[in-house]
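First up is the structure itself, then whatever we jot down about it.
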Amino acid sequence: MTAAVRLVRPHERDATTAQTPGMFRAEGVGAKTVGATGIWVGHVSVAKAVSSAPHHHGALESAIYIISGRARFRHGERLEHVVEAEAGDFIFVPPYVVHQEINASDDDAVEMIVARSSQENVVVNVVVAEAAGEGSRA
């Protein structure tokens, strides 16, 4: 059998990946949708006023493209660093970097495309001691 280009339409995305309240993740390209062996790409929607828990993605690299909205990414051992992103921006998250995604808007959802260097969407939630303003929207 020869390899073929695959089309994955929105209704064919796989939503059985790890979910976070207020966030919706759907695999577009990965092991479950196309049998990918080295990449995971999905669409993620973050509802207004929602923050993820602090987490990392193990040994995986992550690339994030902001389609719409304003996203705030806190990162570091105590989530002490902040990056603000908006439509058209890319974010790179190295392996094992603890971070948190925050919708920086009280009015609009954040829509983004996330790519990881594995065929699976690995999410490892962690407890961050003394994270100043954890979940803060300021």
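The values are calculated or read from the model by the stated rules, or taken from the named source; none is laboratory data. Just so it is clear, the structure is predicted and the values come from calculations on it, not from any experiment. Every residue, glycine as well, gets a Cβ built from its backbone with ideal geometry; the counts of neighbours run over all protein chains shown.
Okay, here's what the table says:
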item: Residue match in region 92-114 (condition: among the β-branched types (Val, Ile, Thr), in a strand (DSSP E or B) and surrounded by fewer than 19 Cβ atoms within 10 Å (Cβ to Cβ)); result: yes
item: Cβ-Cβ under 9 Å pairs, at least 6 apart or on other chains, region 88-102 side at positive phi, far side outside any loop (DSSP other than H, G, I, E, B) and at pLDDT below 95; result: Tyr96/His56; Tyr96/Val124
item: Pick from region 37-49, criterion under 19 Å from Met112 (Cβ atoms) and surrounded by fewer than 18 Cβ atoms within 10 Å (Cβ to Cβ), ranking: modelled with the lowest pLDDT; result: Ala49
item: Exclusive hit being under 13 Å from the mean Cα position of the chain (by Cα) and surrounded by fewer than 19 Cβ atoms within 10 Å (Cβ to Cβ), set Glu61, Glu84; result: Glu61
item: Region 1-48, residues that are polar (S, T, N, Q) and farther than 16 Å from Asn121 by Cα; result: Thr2
item: Pairs where the first residue, in region 113-138, is more than 18 Å from Ala85 (Cα to Cα) and the second is buried (at least 18 other Cβ atoms within 10 Å of the Cβ) and at pLDDT below 80, C-beta under 7 Å, 6+ apart; result: Asn121/Thr17
item: Qualifying residues in region 116-138 (those that are small (Gly, Ala, Ser) and buried (at least 18 other Cβ atoms within 10 Å of the Cβ)) - the one modelled with the highest pLDDT; result: Ser118
item: Qualifying residue in region 91-105 (condition: among the polar types (S, T, N, Q), over 15 Å from the mean Cα position of the chain (by Cα) and farther than 24 Å from Val127 by Cα); result: yes
item: Considering residues of region 25-36 that are under 18 Å from the mean Cα position of the chain (by Cα) and either among the charged types (D, E, K, R) or farther than 13 Å from Ala15 by Cα (or both) only, the residue surrounded by the most Cβ atoms within 10 Å (Cβ to Cβ); result: Glu27
item: Region 1-59, residues that are touching a helix residue (DSSP H, G or I) at 6+ places or on another chain (Cβ under 8 Å) and aromatic (Phe, Trp, Tyr); result: Trp40
